[in-house]
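A short worksheet on the structure shown next.
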Amino acid sequence: MNKPHIVQILPMYHPDGEDLLNKYAQVKKFTGFNEGEICDYLEQHHVDGIILRAPARITPAILESCQQVKAISGAGVGLDNIDVRYATTKRIPILHAPKLNSTATAEHAVSLLLAVMKKTAFFDRKTKAGNFQSRDGEYTHELEGKQLGIVGFGSIAQKVARILVHGFGMKGMAYVRSIDNEKQQAADDIGVKLTTSLEKVFSESDAVSLHIPLTKETNKLVDHKLLMHMKKTAVLINTARGGVINEQDLTEALSQNRILGAGIDVFTTEPPPTDHPFFQLKQVTISPHIGGVTFEAARQTSILIAENLIRVINGENLSVIANHAELSEDGKGAFS
């Protein structure tokens, strides 16, 4: 049996995933993202599958060049760098990873909140520069007894709530679009109140943590109007997607001290430009989209997405196919 031919765009998050891919497939690896080069390769070779990680993208032009491609896999849960709708019209299954990085991302969100509240980055810089007196008159803030607001209530959001409510004694509240029995049971188990009012979360919380996907509905959801609801002593944390925040509006809110600070792991454009306004704001603690990239999560995810891509190419119908329902709507399905 011939090995499937797979195009890999950018390195995987862990080499063990690449080792598995190379063991069971013939792999053409692109170390950078060049749409033209990828299209040319797809048009000139029989390619069975594509695996990629951001900032690489699957564009309409690439999909038009996918003559024999049987499946495409992203590197994680998010699919905002893949044109899933257009891929569905081309009858191409799109895979994403199970939420193996939930713990990693939840822990990172908590660490950013602690870093902002405790001014960790500020004191690190000052102390290393020999300014031990920087502590004089600079107060940090405690989490115990304060109100936590969660936007979204998936697996990551629930882990964040559990850590901060049970471990730090915060009071929890989560925004959901609708409340069903399953969500209510999860909220009761953690000790979190559910609300369908986004304004309530932003106006009553001392810390707001975002855990929603980037869609047309959530694009720039956190804007001037919502930020104006926040307390001047409140903190905003984003480990979801950069595009869910209007970055200009957040820059203005921080510059004018309308909120206490922010912890940012994701940007609208990645990598962000070197003159990004967040870089000039001392109230912002930043990391380079590493929330879900722990050693443990990277290894597990890389191995699993490699395995799943090969399985789908070989005809298996897996639950990790994001557009499974759409492909099956006409009754023909992706694998019939």
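Computed from the coordinates by the stated procedures, all read-outs in this text should not be read as laboratory data. This is a predicted model, so every value here is computed, not measured. Ideal geometry is used to build each Cβ from the backbone, glycine not excepted, and the neighbour counts take in all protein chains shown.
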Quiz item: Residues in region 247-282 near a label at Thr233, defined as backbone nitrogen under 14 Å from the 7 Å Cα→Cβ point?
Solution: 259-261
Quiz prompt | Separation in nanometres of the label points that stand 7 Å from Cα toward Cβ, at Asp189 and Ser287 | solution = 2.5
Quiz item: For the chain, list the DSSP H helices whose alpha carbon atoms reach 20 Å or more along the long axis and whose average Kyte-Doolittle value is -1.0 or above?
Solution: 102-117, 295-313
Quiz item: If each residue's Cβ is checked for other Cβ atoms within 10 Å, how do Ser134, Ser178, Ser255 rank with the fewest at the top?
Solution: Ser178, Ser255, Ser134
Practice problem: Among Glu182, Glu326, Glu35, determine the one that fluctuates most according to a GNM of the chain built with springs between C-alpha atoms less than 10 Å apart. | Solution: Glu182
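Measure up Lys146/Lys200; Lys119/Lys231; Lys128/Lys232; Lys118/Lys159 against 23 Å on the Cα-Cα distance and list the ones that go over. Before the final figure, lay out the partial values.
Working: Lys146/Lys200 15 Å; Lys119/Lys231 18 Å; Lys128/Lys232 29 Å; Lys118/Lys159 21 Å.
Cα-Cα > 23 Å for Lys128/Lys232; rest within.
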Quiz item: Within straight cross-link reach of Lys29, meaning Cα distance under 20 Å, which lysines are found once same-chain residues fewer than 8 apart are removed?
Solution: Lys3, Lys70
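Relative to the present Cα-Cα distance, how much length would full extension add between Phe33 and His166 at 0.36 nm per residue of separation? Can you show the working numbers first?
On the way: separation 133, 0.36 × 133 = 47.88 nm, distance 4.31 nm.
Net length gain for the segment: 43.6 nm.
Tell me, what is the FRET efficiency for Asn181 and Arg135 to the nearest 0.05, using R0 = 51 angstrom and their Cβ-Cβ distance as r? Could you put the intermediate results ahead of the total?
Values: r = 50 Å, r/R0 = 0.97.
My answer for the efficiency is 0.55.
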Practice problem: At 0.36 nm per residue, minus the direct Cα-Cα distance, what do His224 and Ser203 gain on full extension? Give it in nm, one decimal, please. | Solution: 6.3 nm
Exercise. Taking the Cβ of each residue in His211, His141, His324, His45 as the centre, tally the other Cβ atoms inside 10 Å and list the residues starting with the fewest.
Key: His45, His141, His324, His211
Quiz item: What are the aspartates and glutamates whose alpha-carbon lies under 15 Å from the alpha-carbon of Lys23, with same-chain residues fewer than 8 places away excluded?
Solution: Glu307
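Only Lys, Arg, Asp and Glu count, each charged at its Cβ (+1, +1, -1, -1), so figure out the dipole size of the chain about its Cα centre, rounded to 20 debye.
On the way: 36 positive and 38 negative charges, 119 e Å.
So the magnitude is around 580 debye.
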Quiz item: Of Asn246, Asn308, Asn181, which is the most mobile in a GNM of the chain whose springs link Cα atoms less than 10 angstrom apart?
Solution: Asn181
Practice problem: Return the single residue from Ala325, Ala109, Ala121 with maximal mean-square fluctuation; model: Gaussian network over the chain, springs between Cα atoms under 10 Å. | Solution: Ala325
Self-check item: Radius of gyration, Dmax [region 102-286; alpha carbons; angstrom]
Solution: 16.1, 55
